[in-house]
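Derivation of every value follows stated rules applied to the coordinates shown; laboratory data play no part. None of these values were measured; they are calculated from a predicted model. We place every Cβ from the backbone using ideal geometry, glycine too, and count neighbours over all the protein chains shown.
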């Protein structure tokens, strides 16, 4: 009997050991299969497998292509109709918001100025309308109205675009790895690009002048102390903050849904065109590329805001200086040295942080899809038309 019990216990122990081994093998097989499926499934935040892009800046692409989560799925070279429609929706949101912001800002600006002129003329019937217009332009009134309307429309349509495209404001204000050295580095690089843009702007003026076309539209500074203060406040603080919120905040992320490179260049294009003249288009486009790049790198608009503030403040300060010939020569040499330092820092920056490139599949989701978006195309066309109109009015 004892031998039977011992044999039975041994048998149960062998069965239990075998069951444990079967369980272990099944678990290993499940883990291997899970790893295989995970490895064959596209990353929702990097569906095109592009190592040159900034991964943390990506949104979840499943909102455009739900099949991303399917095992073994890889994006097709040519986007399917529903994927193209999803991408175009975001291009349309950015485009229409840009167009409406532009339309409302300029329409309200002109309307408010007309109302102010009418009020002044009603209160002073003997006043000359041209004199009143000149007074408004040289005082704090015009820049105050400009700051209020353009600042509010930038912010308003930025938040509208974020709402329509499902973006959140909070992440934009939390930069990643942005230190004081980066601020100094980017400021010098921004100055170098500003300097280069000035040279290109000069040569573009010379080319157009050869054909008898004037493209340089330099405005006059306010003559009153309050006017200068309002002008400085708007140019140095309000414009950089609100423009970065709109362009590098809402617009860049909206246009970067399928390609960060397309987002960088399309946003820079819209930023340059939004200034309404060729000189500032050149500046806005070149600097806009850099501002978009550092926004992607740090996943925040704080770096681009700081550089924008520095450049605008420097421009305002230079425009207010009254220098002797000797002082002008010193300033020119200082600017040349700063531009050279900025160029060297830019080259060092590009060694580690190159602009994102595009895969063939991403190329098909950039310009070809954007050209089918009425909002995107109308926004670009309207800005180009205004620029041409401004040149025509100057000549």
Worksheet item: With the chain treated as a Gaussian network of Cα nodes joined by springs under 10 Å, which of 157, 262, 340 yields the largest mean-square fluctuation?
Response: 340
Worksheet item: Angle, helix 81-123 long axis vs. longest principal axis of the chain, Cα atoms, 0 to 90°, nearest 10?
Response: 30
Response to the item:
Expected unfolding gain across residue 355-residue 76 under the 0.36 nm per residue rule, minus the alpha-carbon gap, is 98.0 nm
Worksheet item: Just 206, 322, 78 to compare: in a GNM of the chain, with alpha carbon springs under 10 Å, which one fluctuates most?
Response: 322
Worksheet item: When P(r) over Cα pairs in 20 Å bins from 0, in percent is calculated directly from the model, which label among [x] 27, 53, 19, 1; [y] 22, 47, 18, 7, 4, 1, 0; [z] 27, 58, 15, 0 fits?
Response: [y]
Worksheet, complete the sentence: With Cα coordinates, the longest principal axis of the chain makes an angle with the long axis of helix 302-320, in degrees rounded to 10, of 10
Worksheet item: Please state the relative contact order of the chain as a whole percent: Cα pairs under 8 Å, 6+ residues apart?
Response: 26
Practice prompt. Report Rg(Cα)/(2.2 N^0.38 Å) for the range 139-236, keeping two decimals.
Written response: 1.51
Item to complete: Place the peptides 358-371, 308-321 in order of packing, highest mean first, counting for every residue the other Cβ atoms within 10 Å and averaging per peptide.
Response: 358-371, 308-321
Item to complete: Please give the calculated 222 nm ellipticity per residue for the chain, where each DSSP H segment of at least 4 residues contributes -39500 (n - 2.57) and the sum is spread over every residue; nearest 500 deg cm²/dmol?
Response: -24000 deg cm²/dmol
Item to complete: Kindly give Rg over Rh for the range 156-195, based on alpha-carbon atoms, with the Kirkwood expression for the hydrodynamic radius.
Response: 1.19
Worksheet entry | Residue-span extension gain [residue 179 to residue 336] - 0.36 nm each, minus C-alpha spacing | 53.9 nm
Item to complete: Any chance you could run the full-extension gain for residue 378 through residue 223? It's 0.36 nm times the residue separation minus the Cα-Cα distance, nm to one decimal.
Response: 52.0 nm
Worksheet item: Taking the Cβ-Cβ separation of residue 386 and residue 324 as r and a Förster radius of 56 Å, what is the calculated FRET efficiency to the nearest 0.05?
Response: 0.90
Worksheet item: Once label points are set 7 Å from the Cα along Cα→Cβ at both residue 163 and residue 129, what is their separation, rounded to one decimal in nm?
Response: 3.9
Worksheet entry | Principal-axis tilt of helix 140-165 within the chain, Cα atoms, nearest 10 degrees | 20
